[in-house]
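Remarks on the structure that follows.
The values are calculated or read from the model by the stated rules, or taken from the named source; none is laboratory data. Source: prediction; values computed, not measured. For neighbour counting, all protein chains shown are included, and Cβ atoms are generated from backbone atoms with ideal geometry for every residue, glycine included. Ligands, DNA and RNA are excluded from the accessible area calculation, which covers all protein heavy atoms including side chains. Shrake-Rupley method; radii C 1.70, N 1.55, O 1.52, S 1.80 Å.
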Amino acid sequence: MAVLSKIRQRSLLLIVVIGFCLFAFIIGDLLSNGGFNQMSTDVGSINGKDVSFEEFRLKVSEIERSQQGMTPIMASNRVWDQEIMIALLGEEFEDLGIRVGEDHIIETFKSDPNIGQNPMFLNAAGKFDVAKLKEFFKANPAQAQAFESRQENAALNAKYLIYNGLVKGGLYTTDLEGKMRYEMETTKASFDYVAVPYSSIKDSDAKVTDEEIIAYMRKNEDKYKAEESRVIDYVLVEERASDADQNEIKNRLNSLINGSTVYNEATGKNDTVAGFRTTTNLASFVGEHSDIPYDTTYVAKKDLPAEHADQLFSLASGQVYGPYMRGDYLCISKVIGRKSGATAKASHILISYEGTQVPNKKEQRTKEEAKAKAESLLAQAKANPSGFMMLALTNSDDSSAQQGGDLGFFSEGQMVKPFNDFVFNNSIGTIGLVETDFGYHVINVTDKQDAIKLATIAQRVQPSETTSDEVYNKAVKFEMEADGKDFAAVAKQHNLNVVPNIKLNAMDENFGQIANQRQVVRWAFDRSTSVGDIKRFEVANLGNVIVSLKKVNKKGLMAVDEARPSIEPILKNQKKAEIIKGKLSGNSLDAMAKANNVTIQKATDLTITNAVLPSLGSEPKVVATAISTGANKVSAPIEGNSGVYVVRATAVTKAPALKEHSAYANQIKQQRMNDVGRVVGALRAKADIEDNRALFN
């Protein structure tokens, strides 16, 4: 009782202490796992403008629903890119005072085939009628909300068209630039030169340090920016069927081929159960024992598994072949039919006319004109069958024209009836004319193949429960032994291959041969995961992946080991150039050539735009130096793309004078028109973008 009394006296103190401990526990968990950040209601911000998670989620869901095969991460990336583009262009529209009215929006709708060419919105003259569009949505209020969304998109598109026009208008080319282009293409230089390639200096004499790589990146910061990333090594312990698993399936299939004897307890006698070879109800038998439904289509030899095609195609009716592998299945097959000419190959020339459902007609014709042209082509094709391909290429109205009219092989019933009947009722080499709903077809039957009908029992080869347990145990054992040890060394002891140095970005979901494994990426980016940590993940239909976090790359400059392959050659060549320049002493090419154990070479009539030196590649800086140095003067050493050069011009032919250079200026202008498509990328590079999507995915 005394103890209970003391507890009651100190109950307030106990409550405070317990409450404080709970509070400390929660706060610690929040801090260690970035909990405060995860409470954010925004997936990020673009130039200070927040992107709401809820609105973003709805857009992602809509993309997922509308695009088959779209994963959540793929949809998230698409919506995020759209949000960035809309935000950045919206700022530009606002700064430039771009406004659009109803007329602009209507023009945008008219350019959309689903609206501008929809018969519901066309008047008696076949022209788009905005009044009909408005009447439709007035009569269908359920569609009005969707239309409002389309109006917003149309307004954005209209603004972008205006903006695009402004950008294009700002891209101009002067006559002086045209003149420069002309002179670069036509001023020629012939010269003698000494070339000392960078490869003549050992790489060991031009080592590049990590500090030099970092210094180069800092000078070119925009080019070597990098988002936060992780580097992992991983081992895959595949879960696949063992030889014992395959043999078990083979034995099971073999037991199905012939009948079996089963004791019947009801009658006290043995019953004979029909097998695959003797059953009178193949469809039921296959349905009971096969993982693939019963199929009665005829199959040409070319469509059978290549390594088994000869054996299968030569079987007599009723014979059984197998077990054999077909993809992931072990199969036994029985021939139940054979048909000559079951598949056919044909070429055609389609001549359509007004009213036929053929897009991109080469020309508009009446039915009579189409028939006359088709009959003319028929006569030409019969007179010269070898010229059919060229006739189709130059005359056919469908996409097969690009293949000379060749439609490949097809089975009976795949083509419209008149076309089908002509091909399958005529022999190889027959050329004729038929009419279908698409127009007139000049047809050439080019080949036919026999086919067989197979009944096939296919059972998927997959790991047994015993094999799955062995794989699991092997993966768990490796995970435990590798913890805190050399990942690669332990993998070698277990005869497992390490896939090294896989870079992960925060929004990745695939890596190496592992697809749709967002859980691995989340683990690698979790604040509680440290370099050297190891974790095992089960991957459906693949096995177990054991991952080791190897490196954490913070946001900022690219990691040195990632940047080295592109930067190191540049810095190496700079160092080698300095070494080579020290050896290029003397006042003559002869002296320089002897000092470097090379020969003097000659170049004839090269221009800056055509500056290819034999076996050395393009060297426009060398040619430009030869032109500018002047005849018979020895240049200073030139750092080229492949080595260091010294040149002595023997002849320089100046470009003939032109009164104006508009043709060359126009060439530059056309090239610059492509720069319009780089606007969003340029705006994005300058923008302050914060991407927090990884906290929600």
Considering each of ALA611, ALA649, ALA559, ALA593 in turn, give the residue that is under 13 Å from ALA195 (Cα atoms), open to solvent by less than 70 Å² (accessible area, probe 1.4 Å) and of a type outside the set (Lys, Arg).
-> ALA593
Is there a residue being within 30 Å of ASN632 (Cβ to Cβ), in contact with a helix residue (DSSP H, G or I) (Cβ under 7 Å, 6 or more places away or on another chain), among the basic types (Lys, Arg) and crowded, with 16+ Cβ neighbours inside 10 Å anywhere in the stretch 149-160?
-> no
Taking the stretch 652-667 as the search range and keeping residues that are surrounded by 16 or more Cβ atoms within 10 Å (Cβ to Cβ) and hydrophobic (A, V, I, L, M, F, W, C), which one is modelled with the highest pLDDT?
-> VAL652
Being assigned to a loop (DSSP other than H, G, I, E, B) and more than 30 Å from GLY413 (Cα to Cα) narrows THR272, THR278 down to just THR278
Mind counting the residues in the stretch 370-403 that are among the hydroxyl-bearing types (Ser, Thr, Tyr), assigned to a helix (DSSP H, G or I) and either more than 33 Å from the chain's Cα centre (by Cα) or crowded, with 17+ Cβ neighbours inside 10 Å (or both)?
-> 4
Within the stretch 404-450, restricting to residues that are of a type in the set (Gly, Ala, Ser), out of contact with any His (no Cβ under 8 Å at 6 or more places or on another chain) and under 17 Å from LYS373 (Cα atoms), the one that is surrounded by the fewest Cβ atoms within 10 Å (Cβ to Cβ) is GLY432
Of the residues in the stretch 466-525 that are among the charged types (D, E, K, R) and assigned to a loop (DSSP other than H, G, I, E, B), the one that is farthest from VAL237 (Cα to Cα) is ASP508
Just a yes or no: is a residue in the stretch 262-276 surrounded by 13 or more Cβ atoms within 10 Å (Cβ to Cβ) and touching a residue at least 60 places away in the same chain (Cβ under 8 Å)?
-> yes
Complete set of residues in the stretch 421-445 that are outside any strand (DSSP E or B) and over 14 Å from SER347 (Cβ atoms) | ASP421, PHE424, ASN425, SER427, ASP437, PHE438
VAL286 open to solvent by less than 70 Å² (accessible area, probe 1.4 Å), at pLDDT below 90 and out of contact with any helix residue (DSSP H, G or I) (no Cβ under 8 Å at 6 or more places or on another chain) | no
Take the residues in the stretch 225-234 that are part of a strand (DSSP E or B) and surrounded by 14 or more Cβ atoms within 10 Å (Cβ to Cβ), then tell me which one is modelled with the lowest pLDDT.
-> ALA226
Residue ID - least open to solvent (accessible area, probe 1.4 Å), chosen from residues in the stretch 305-326 that are of a type in the set (A, V, I, L, M, F, W, C) and within 14 Å of ALA455 (Cβ to Cβ) | LEU312
State which residue is surrounded by the fewest Cβ atoms within 10 Å (Cβ to Cβ) when the search covers only the stretch 92-121 and only residues that are in a helix (DSSP H, G or I) and touching a residue at least 60 places away in the same chain (Cβ under 8 Å).
-> LEU96
In the stretch 235-261, what count of residues is obtained for those that are part of a strand (DSSP E or B), touching a residue at least 40 places away in the same chain (Cβ under 8 Å) and either closer than 22 Å to PRO323 by Cβ or touching a helix residue (DSSP H, G or I) at 6+ places or on another chain (Cβ under 8 Å) (or both)?
-> 3
